[in-house]
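Everything below concerns the one structure shown next.
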Amino acid sequence: MLNRVKQYRLAAGLTPADISSMFKIPYRTVQKWEKGELMPPVWAEQQIITRLQAGLRQKPIGHVLPGQAPANRLTQGIQTSGNFPKSKKI
């Protein structure tokens, strides 16, 4: 069964590297979440899913304005400190 972050990431047509970059989360952490090695903090999972849902509602997947990278429409307005607390091992 897919975890929720991966499920919404796939629906948005993004890669784990995109999620890492957009939310300033270490790439390896995103990988561990998706493999089930770590569980994302609830607040982080909710923030990621909420932002991905908003991006999916705004435009059809694959629709990118000229000069705009696909991830830009999803990252607008995100303010993160980049200091996410450590995930808990399962």
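Every read-out reported here was derived from the displayed coordinates using simple, explicitly stated rules and does not represent laboratory data. None of these values were measured; they are calculated from a predicted model. When we count neighbours, we look across all protein chains shown, and the Cβ atoms used for this are built from the backbone with ideal geometry, even at glycine.
Where the alpha-carbon atoms of the stretch 1-60 are placed on the principal axes, they occupy 32, 23, 19 Å, in descending order.
In terms of other Cβ atoms within 10 Å, Y8, Y27 run from fewest to most in the order Y27, Y8. With the simple model of a label 7 Å out from the Cα in the direction of the Cβ, K35 to Q7 spans 2.3 nm.
The modelled label-to-label distance between Q46 and S20, using points 7 Å beyond Cα along the C-beta direction, is 2.7 nm.
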